[in-house]
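Working notes for the structure below.
The values are calculated or read from the model by the stated rules, or taken from the named source; none is laboratory data. Every value quoted in this text rests on a predicted model; they were computed, and no experiment measured them. Cβ atoms come from the backbone with ideal geometry, glycine included; neighbour counts cover every protein chain shown.
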Amino acid sequence: MSDSTVDSARARSGRPVKASEGRIAQPGRVTIRDVARAAGVSRQTVTRAINDMSEISEETRQRVMATVEELGYRPNRFAIDLSRQRTHSVGLIVGTFRNPYYAQLADAFVSELRSRDWQVVVGTADQGEAEAVRSMASQADAIIGYFLEPPAKFAPAARGVPIVQLEERATMPGVHSVELDFQAGITNLVTALRAKGARRFAMIDSSRPASHGTAVGSPRRHLFEQAVGAPCLVVEEPETIAGGVDGLRKLLAQDPRIDTVLAFNDLMAMGAVQGAHTLGVDVPGKVRIVGIDGISLGEAISPTLTTLSLETQAVAAAAASILGELFATEPMPSASITRTVTPVVLWRESA
């Protein structure tokens, strides 16, 4: 095989070309055409070698497989599965199952993907996002996940397996996204709360270190303050029920006139409701409390929790539609595909 052919394929794969070779590779996915060109055979021969089919010599098979390994080519398992009348698999990576939101999200994805006769493999990023992607890439045709780190940190571990990132818009080739339009969702929420009489807003934000370059506080906090039109009183707490209890206590100690509190997630909002009971503060008579997630567990507390729902069923359907588009094309397109879902307020009793 010629060096120029190998280098061209490496460039498409995102594997760096040596500095001595005088250029930097561009990211992309190595295709079956690249392998065929580099090995000096036809696409059909590559297919036969990969699928361990007959009609080619052992020498040719070994040469093709050596080229596959060198270029980092990963076959489109969807196409292979169709030819063998088998289904294909999708990996779902969530942060942790300690938050019931992720269990609800996983349930929505399992329902959506199985309705398409796709297999689902579910895992967490407890061991690190790049490692989770690397592990999932070995057993799935595509990966869907919530990621805190920027794609440049975890995407290379996928070795060309397409990734659909949830919540934030992706711009890196080979990484697609279902974007949550928090700006519209939070603006609609604040407008409706004002119509209900809300005047003094505060927030219990996450104490998790900021990601994606945010200097102070979460993106949800900044969008909330934009919608309110002024900086709000904010405390930062762990994303737990206990964090919500402590957060409400601290807010009211600093300003007893607060009448509306937004929590970073539903667990913290449920803790804030519990904290209000402990302090003898009427919800929603004295303080309105709102969460973000839309988990069904919010209906189990009293008063039931008003929440900005992240619409897990719509997110799952949007991600599945992206995969359907990717799987229908050979080679898979690397340009980022994005679908947008707008969070919707679920009005219950706490606001």
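Out of all the residues in the range 177-187, is one or more small (G, A, S), touching a residue at least 12 places away in the same chain (Cβ under 8 Å) and crowded, with 17+ Cβ neighbours inside 10 Å? Steps first, answer last, please.
Step one: of the range 177-187, the residues small (G, A, S) are 177, 184-185.
In the following step, the residues that additionally are touching a residue at least 12 places away in the same chain (Cβ under 8 Å) were identified as 177, 184-185.
Subsequent filtering for residues that are crowded, with 17+ Cβ neighbours inside 10 Å retains 177, 185.
Yes, because at least one residue in the range 177-187 is small (G, A, S), touching a residue at least 12 places away in the same chain (Cβ under 8 Å) and crowded, with 17+ Cβ neighbours inside 10 Å.
Only a single item in (1) part of a helix (DSSP H, G or I); (2) touching a Gly at 6+ places or on another chain (Cβ under 7 Å) is not met by T187, and it is number (2).
Scanning the range 330-351 for residues that are among the acidic types (D, E), at pLDDT below 95, closer than 30 Å to Y73 by Cβ and part of a helix (DSSP H, G or I) turns up nothing.
When you scan the range 245-315 for strands (runs of 3 or more DSSP E) that lie fully inside it, which ones turn up with 1 or more residues that are basic (K, R) and either within 22 Å of the chain's Cα centre (by Cα) or under 21 Å from F224 (Cα atoms) (or both)?
Details: elements: 260-263, 288-293, 306-309.
Strands (runs of 3 or more DSSP E) meeting the threshold: 288-293.
Quick one: would you say I93 is more than 28 Å from A269 (Cα to Cα) and modelled with pLDDT of 95 or more?
Working: more than 28 Å from A269 (Cα to Cα): no; modelled with pLDDT of 95 or more: yes.
Judged against the criteria, I93 is not a match.
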